[in-house]
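Structure first, commentary second.
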Amino acid sequence: MNLKSSLKLLRPLHGTHGNAGAKTGKELMLYLLNAFPLNWSAESLEKLSAFVRRMGKIEPFFEGHVERVCFYALNFGKFIGLSERELRQLYLAAFFHDAGKVSLPPEILRKNGPLAPEEFKIIESHPTQGAKLCLMFGPLEEISSLVALHHEKLDGTGYPNGLTGKDIPLLARILAIIEIYDALRSERCYKGAFSLQKSLEILRAEVLAGHLDRELVYEFVRFGQSHVGHPEILKEDFFRPEKESATLSAVRAESDIATGSVESSGSEVQERPVTVLVAEDDPDQLEIIKTILSQNRYRVMVAADGEEAMKQLAQEPVDIALLDIMMPKMSGLEVCRKIRKDPRQANIYVILLTALAGAEERVGGLELGANDYIIKPFYLPDFSARIRVGEKLIHERRNMEKRAAEDPLTGLYNQRMFEERLRHEFERAKRYGRPLSLMMIDIDDFKQVNDQYGHHWGDAVLREIARILKEKTRKSDILVRYGGDEFTLMLPEASIAVALQTADKLRTEIKAAIFRPDSGPSFSVTVSVGVSSTLAGNYKDGAAFLHDADAALYRAKRKGKNRVESRVNDEGAAAS
């Protein structure tokens, strides 16, 4: 995994598209406050709503910036163990930190180039203006000082008051780091989004210049590492004053490596990864969710609206559906309703994503059949934990299905699973004109083994034959204990000639196996085998295909046992 990929978490909502596709104005901005509900009077909330609409129009990239800074404040604040009160203050300060810009001239805020000194002086007034606005909203008085001081620097070169060191409150120092990082990584009217390596270099330079709190920056970088698990970002030499540290060299070296990682599984057969469908119309939200899930090794499918989600569900199997409630064309609630009406999708674990804090919407979703819901903005560990609950249930169901499909004595598939696989493999072979061969294998005179040596040794014979069949066949072959002393073997892509040759080798291997009871003489067993092939007969369905192999088996029994028979080989292959 390269650095750009692994630290994508530290740019969860960034993009070069501004706010394209995002929810707008009041709808987008107010939902962020659901993380810490404001118990205000109706009149105060109405004033706040009007003010938030003004904030949303400040500049083209304002809404996305506020959304991301709030995201960092919530998750980084919890990461470093802030108290609930501190977390609330930091989060609300993140939301309102640039509120003072509503009083600044739009032509300065949207200028596509460097600011003149007098213009920058005007920009420098926005923290003070923002603090005054917070004081106007009485309940926001507690965060006014944080809003006022988020551009202060430890060496006294910041604004508006030129404070130094510990005179700058802890939460203001945290907000400064978050705000600077997002500004670096985001597109603005006057610049493009900086690369990860350039942003890290600037953060490092700010620490070395005495502007930012070294320990807090260190923790912010560790926050990114801990949530994504990249081993290279945090090094002892990260803050060294040399021209370029080893860490930054590594950043440069890795910056051009393609995103993602490749794992070699060799010849091992690995369990199918859990597949998650993410249906979210906000491209920025979709990016962070996809990043988190992909780096936790889920297989991720995405849809931009409800209709696209339904198309994805019809095309591929999905284990977890993560559905935003508010989407164009078809809501997440409607997608959930359709999932629960389709028996083929009954086992999908549905999680609703909602910015609606009301219990009515959540209850409505659960009544439609959703398994869980996540309120946005989400806290990463909580988000991951809820996904893992779904994953655990999926693995438990798979294990139950596996046990239900297995013969407990031999560990092979049972007859129930055979019927499902036969239908699937037969239809595939006929559709594409590919060969599929089938063997029916029956132990000769198996009742005598049970009568003479006891059922214990009868079970031992069944297990040993199952072992031989597994060892001497391909991983792609489908091996089943069909009944008491009968086995079936499906061989995809195997002609009748290959199947007959394989059947006779298996017959020979089984005959060579020696069983040595504790008392009495040793013994061996033989098998009779019937073979059919889709290219050797015009079968209308899988049942007719199976009947032909069964008929060939009985011919082998009638002709003396210990033989292989098929429609095209009436002479069989007898024991030598």
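Readers should treat all values here as calculations from the given coordinates under stated rules, not as data from a laboratory. Because the structure is a prediction, the values reported are computed rather than measured. All Cβ positions, even for glycine, are placed from backbone atoms using ideal geometry, and neighbour counts span all protein chains on display.
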Dipole magnitude of the range 384-496 about its Cα centre, charges +1 at Lys/Arg Cβ and -1 at Asp/Glu Cβ only, in debye to the nearest 20? 920
Please list the three semi-axes, largest first and in whole Å, of the ellipsoid equivalent to the range 438-496, using sqrt of 5 times the eigenvalues of its alpha carbon gyration tensor. 25, 11, 8
Among GLY306, MET330, GLN345 - extreme Cα towards positive end, dipole of the range 300-345, charges at beta-carbon: GLN345
Under 5 Å from the placed amide H of LEU277, counting only residues 5+ away or on other chains, we find MET301, ASP319, ILE320, ALA321, LEU322
Pulled fully out, how much extra length does the chain show between ARG428 and LYS341, if you take 0.36 nm times their separation in residues and subtract their Cα-Cα distance? 28.6 nm
Let me spell out the model: positive unit charges on the Cβ of Lys and Arg, negative unit charges on the Cβ of Asp and Glu, origin at the Cα centre of the range 452-576. What dipole size does that give, in debye rounded to 20? 180
Debye intensity ratio in log₁₀ form over the Cα atoms of the range 90-146, taken at each q of 0.14, 0.31 Å⁻¹: -0.40, -1.19
If I model a spin label as a point 7 Å beyond the Cα along the Cα-Cβ vector, how far apart are those points for TRP40 and ARG516 in nm? 8.7
Within the range 354-430: Cβ-based charge dipole about Cα centre, in debye rounded to nearest 20 (Lys, Arg +1; Asp, Glu -1): 260
Share of Cα-Cα pairs in the range 287-446 lying beyond 25 Å, as whole percent: 46
What per residue convex hull volume, in Å³, do the alpha-carbon atoms of the range 358-409 yield? 79
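May I ask you to give the average projected area over all directions of the convex hull of the Cα atoms of the range 420-576, in nm² rounded to one decimal? Before the final figure, lay out the partial values.
Numbers: hull surface 36.0 nm².
Mean orientational projected area (the range 420-576, Cα hull): 9.0 nm².
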Debye sum, Cα scatterers, the range 480-544, no solvent: what log₁₀ I/I(0) at q = 0.18, 0.19, 0.25 1/Å? -0.80, -0.86, -1.21
Taking every alpha carbon pair in the range 70-203, what does the distance histogram look like in 10 angstrom bins from 0, in percent? 12, 38, 40, 9, 0
Which log10 I(q)/I(0) values does the range 377-467 give at q = 0.20, 0.24 Å⁻¹ under the Debye formula, counting every alpha carbon as one identical point scatterer? -1.03, -1.16
Each residue of the range 277-293 in turn: what ³J(HN,Hα) in whole Hz from Karplus with 6.51, -1.76, 1.60 and θ = phi - 60°, glycine and Pro shown as x? 9, 10, 10, 8, 7, 8, x, 5, 4, 4, 4, 5, 5, 4, 4, 4, 5
Taking 19 Å as the cut-off for C-alpha to C-alpha distance, list the pairs among LYS472/LYS511; LYS402/LYS511; LYS78/LYS198; LYS101/LYS198; LYS475/LYS540 that go past it. LYS402/LYS511; LYS78/LYS198; LYS101/LYS198; LYS475/LYS540
Given the candidates CYS134, GLY162, ILE174, the one whose Cα lies deepest towards the positive end of the charge dipole of the range 92-194, counting +1 at each Lys or Arg C-beta and -1 at each Asp or Glu C-beta, is ILE174
To the nearest 0.05, how large is the calculated FRET efficiency for MET400 and ARG297 if R₀ is 22 Å and r is the Cβ-Cβ distance? 0.45
Would you work out if the range 171-221 is rounded, prolate or oblate? Take a ≥ b ≥ c from the square roots of the eigenvalues of the alpha-carbon gyration tensor; rounded if a/c is under 1.5, else prolate when a/b is larger than b/c, oblate otherwise. prolate
Cleavage-rule hits, GluC sites (Glu not before Pro), the range 268-322, DSSP coil, Cβ neighbours within 10 Å at most 14: GLU268, GLU271
